[in-house]
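Colleague: There's a structure below that I have some questions on.
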Amino acid sequence: MNVFTERVIRILQGIPAGHVMTYGQVAAAAGSPRGARQVVRILHSMSEKYQLPWHRVINIKGEISLTDGNQQELLEMEGVHFKNGKVDLTVYRWFPPDAEEG
DNA sequence: CGTCTGACGTGGT
DNA sequence: TACCACGCCAGAC
């Protein structure tokens, strides 16, 4: 397990219901500003194992790339409202504290 | 080792 | 604002 991976997991677990983060934002917060793709990989691999809130991670445009699941539905029932298929990141984006302890 | 891929992000038009 | 091309990085074959 890499430090980056552990940090990503911690950060994801720190996203409260009703908020979202972007892939790049999570990566940057974990120490790899260009690691958005790695965050994707982690979600693919670890989301079930570590029970990560994968549905609270979206792209920087506020859109959901998945059409395969009910990500939008999950967010909406947490209180994240969609406008024209997009989330207003200026409202719902979550900024993790500097240190996610755990 | 080389090539292709992907739940992304940024800059130019 | 919408669309295209490129860069990025690790994993799979």
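Colleague: Could you tally the net charge around A:Arg93, taking each other residue with its Cβ under 13 Å from the Cβ of A:Arg93, Lys/Arg +1 and Asp/Glu -1? Don't skip to the end; give the middle numbers.
Modeller: Values: positive: A:Arg56, A:Lys61, A:Lys86; negative: A:Asp88.
That works out to +2.
Colleague: Right, another one. Can you tell me the FRET efficiency between A:Val3 and A:Glu63 if r is taken as the Cβ-Cβ distance and R0 is 25 Å, rounded to the nearest 0.05?
Modeller: On the way: r = 30 Å, r/R0 = 1.19.
Computed FRET efficiency for A:Val3 and A:Glu63: 0.25.
Colleague: List every residue whose amide H lies under 5 Å from the amide H of A:Val87, counting only residues 5 or more places away in sequence or on a different chain, with H placed 1.01 Å from N in the peptide plane.
Modeller: For A:Val87, whose amide H was placed from the backbone, the distant partners under 5 Å are A:Glu63.
Colleague: Quick one: putting +1 on the C-beta of Lys and Arg, -1 on the C-beta of Asp and Glu, what dipole do you get for chain A around its Cα centre, in Debye to the nearest 20?
Modeller: On the way: 11 positive and 11 negative charges, 76 e Å.
The calculation lands at about 360 debye.
Colleague: Stick to the Cα atoms of the range A:3-92, pair each with every other, and give me the Kirkwood hydrodynamic radius in Å at one decimal. Display every interim value, and only then the final one.
Modeller: Working: mean 1/r = 0.0770 Å⁻¹.
Here the Kirkwood hydrodynamic radius works out to 13.0 Å.
Colleague: Something else now. Sequence-distant or interchain residues sharing an amide H contact under 5 Å with A:Ile58, placed H: which?
Modeller: It is A:Met21, A:Thr22, A:Tyr23, by chain and number.
Colleague: Given DSSP loops and a limit of at most 16 other Cβ atoms within 10 Å, what is the longest stretch of chain A that contains no such trypsin sites (Lys or Arg not before Pro)? Display every interim value, and only then the final one.
Modeller: Numbers: sites that count: A:Arg34, A:Lys49, A:Lys61.
The longest uninterrupted stretch comes out as A:62-102.
Colleague: Here's a follow-up. What is the angle, in °, between the Cα long axis of helix A:3-13 and the longest principal axis of the Cα atoms in chain A? Nearest 10 is fine, range 0 to 90.
Modeller: Approximately 30 degrees, to the nearest 10.
Colleague: Tell me the label-point distance for the pair A:Lys49, A:Asp98, using the 7 Å Cα-to-Cβ offset, in nm and rounded to one decimal.
Modeller: In this crude spin-label approximation the distance works out to 3.1 nm.
Colleague: Go ahead and estimate [θ] at 222 nm for chain A from helices alone: -39,500 (n - 2.57) per DSSP H run with n ≥ 4, summed, over the residue count, rounded to 500. Show your work: numbers first, answer last.
Modeller: Working: 5 runs with 39 residues, N = 102.
Helix contribution divided over all residues of chain A: -10000 deg cm²/dmol.
Colleague: Over the range A:3-92, what is the relative contact order in percent, taking alpha-carbon pairs closer than 8 angstrom and at least six residues apart?
Modeller: Values: 107 pairs, mean separation 26.0, N = 90.
Relative contact order comes out at 29 percent.
Throughout, read-outs are computed from the coordinates displayed, never taken from laboratory work. For clarity, every value in this text was computed on a predicted model and none was experimentally measured. All Cβ positions, even for glycine, are placed from backbone atoms using ideal geometry, and neighbour counts span all protein chains on display.
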